[in-house]
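Asks: One structure, as structure tokens, below. Some questions next.
Please treat every number below as a calculation from the coordinates, not as lab data. In this text, all values refer to a predicted model and were calculated from it rather than measured experimentally. All Cβ positions, glycine included, derive from the backbone under ideal geometry; neighbour counts span all protein chains shown.
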Amino acid sequence: MSAANKFRPDEQFIQNSIGSVLRIGVLLIIAYYSLQIVSPFINLALWSVILAVALHPAHTNLSARLGNRQKLSATIIVTVFLFIIVFPITVMTESTVASAKSLSSQLQSGELSIPPPRDKVASWPVIGETVYEVWSEAAENLEDTINQFEPQLTAAGEWLLKAIGGVAGGILTIIVSIILSGFFMITADRGYAVSKKIMTLLLGARGEALTDLSIATIRSVAKGVLGVALIQTALAAVGLFAANVPYAGILLVIFLLIAIIQVPTTIIILPLIIWMYSASSPVVATVFAVYMILVGLSDNVLKPLLLGRGVEIPALVILLGAIGGMLYAGVIGLFLGAVILALAYTLVLVWMDSATEDEAATAE
């Protein structure tokens, strides 16, 4: 046999390889365009699944009390959840949009004014003189004070307008996702079986355990972080609207974001209390202060009640997930990002621990 014949590639192998490449290419093209088609619905579907997983224990308990009538149970939960979530969010959104428009028009017309501080503000410990000086300057010549912080205010205004622009779409997404979560709750058993099968195919023997861990993580973040943040914001809304605090809608959006990223809400509550003491009577201000402080501390009671035996997630992971999700997908991303990043963090930790255990077992 000559050297040329000895090293000549097998023609059948080449044909098979070309055929395989073409088939894989066609599959990739189909997958790409399929993802492009369904991409507008991915966030909606993900959030619906997350809600269904978080609400499924309540659905199971209610269904059992109703004689295993799962459709009725899901309908009741969806209806109640829509009322509890959508109504406050709609009110808060309307207030936010109105406040933002009013603030923008007053800034453009130069009509925005700040009342001068009372003399007792200067006597506040540590920060009194500084606050009194800046406040007085702003009351005398607000335009000059604004000009000092123009770059920061411009950036904040652009972000706020962009966020408000996506609020309507976010609310609609939340409404639809809550309704879809009812269908997912009804078919939860089949969904769980499919999830276990997929995780087992991908991860082998650990698939079922990781499926259960994923469910626990979703419930932990959805109830212990997002649920607590929504309840705190609702309680704060009662205080702000009852006290007629101006721009309450904008303040509540900031409050909700702070609560989700698990930064102490006192960073917004304390300035509000300080303002209230300078703008209202001591009795009203004291009642407002006591109530808002209780709202700020309420997470210490709510988290143990809602979190249960949930998975511990670092605050930094929630922070990055919430902010990144909001920048990526608007209002819905604020909730979705926190859950997805927390889930990814948990699964990566488990994978790393498993790899370490396998290496140790191999070394032995």
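Asks: If I model a spin label as a point 7 Å beyond the Cα along the Cα-Cβ vector, how far apart are those points for GLU129 and LEU327 in nm?
Replies: The modelled label-to-label distance comes out at 4.0 nm.
Asks: Next question. Between TYR33 and PHE241, what is 0.36 nm times their sequence separation minus the Cα-Cα distance? Round to one decimal in nm.
Replies: 70.1 nm
Asks: Each residue of region 224-236 in order: what ³J(HN,Hα) in whole Hz does its phi give by Karplus 6.51 cos²θ - 1.76 cosθ + 1.60, θ = phi - 60°, with x for Gly and Pro?
Replies: x, 10, 5, x, 4, 4, 5, 5, 4, 5, 4, 5, 5
Asks: Now for a separate question. Hey, rough spin-label estimate for LYS197 and THR75, points 7 angstrom out along Cα→Cβ, what's it come to in nanometres?
Replies: Modelled inter-label distance: 3.0 nm.
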